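Taken together, the values in this text are just the output of simple stated rules run on the coordinates, not laboratory data. What you see is a predicted model, and the numbers here were worked out from it, not measured in a lab. No Cβ is skipped: glycine too gets one built from the backbone with ideal geometry, and neighbour counts run over all protein chains shown.
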Amino acid sequence: MSRGGRDWIAMLITDIIGIAGVACVLAAFFLLQIEKVRGDSLLYLLLNLFGACLLIVSLTVTFNLASFVIEVCWLAISLFGLGKLAWRKWGKRSAS
């Protein structure tokens with residue numbers, strides 16, 4: 001297989017990964033809008049976290065600074081929310 005063929009395959013794989021990331025983020029937002037999850041729920045936060053991670057991976061082949069910045073922020077906010085959720089649950093256990 002030629003080098004160009006490998007580049008095409010790498011782009012296809014990262015596109016699929018990126019689309020999976022978009023699906024995660026959109027699913028989280030949709031579930032929030034139809035009130036199936038809360039904004040501080042584990043599922044919502046994990047969907048956003050995984051979505052951001054997958055989108056960042058997809059940017060390794062075709063880099064876009066603006067997309068990278070928003071995904072890093074999305075990732076950081078999701079981690080913050082997960083930390084807040086863990087702290088809240090851990091605090092309740094230690095208070096009991």
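Quick notes
- Options A20, F30, I9, ranked by Cα towards positive dipole end of the stretch 3-95, top entry (Cβ charges): F30
- Extension gain for the segment I9 to C73, taken as residue separation times 0.36 nm less the Cα-Cα distance, is 20.2 nm to one decimal.
- Difference of contour (0.36 nm per residue) and Cα-Cα distance, A20 to L43: 6.7 nm
- The chain: most fluctuating residue of C73, C53, C24 per GNM, C-alpha cutoff 10 Å: C73
- Check: the chain dipole with +1 on Lys, Arg Cβ and -1 on Asp, Glu Cβ, in debye: 500 debye
- The alpha carbons of the stretch 3-95 stretch over 60, 27, 21 Å along the principal axes, in descending order.
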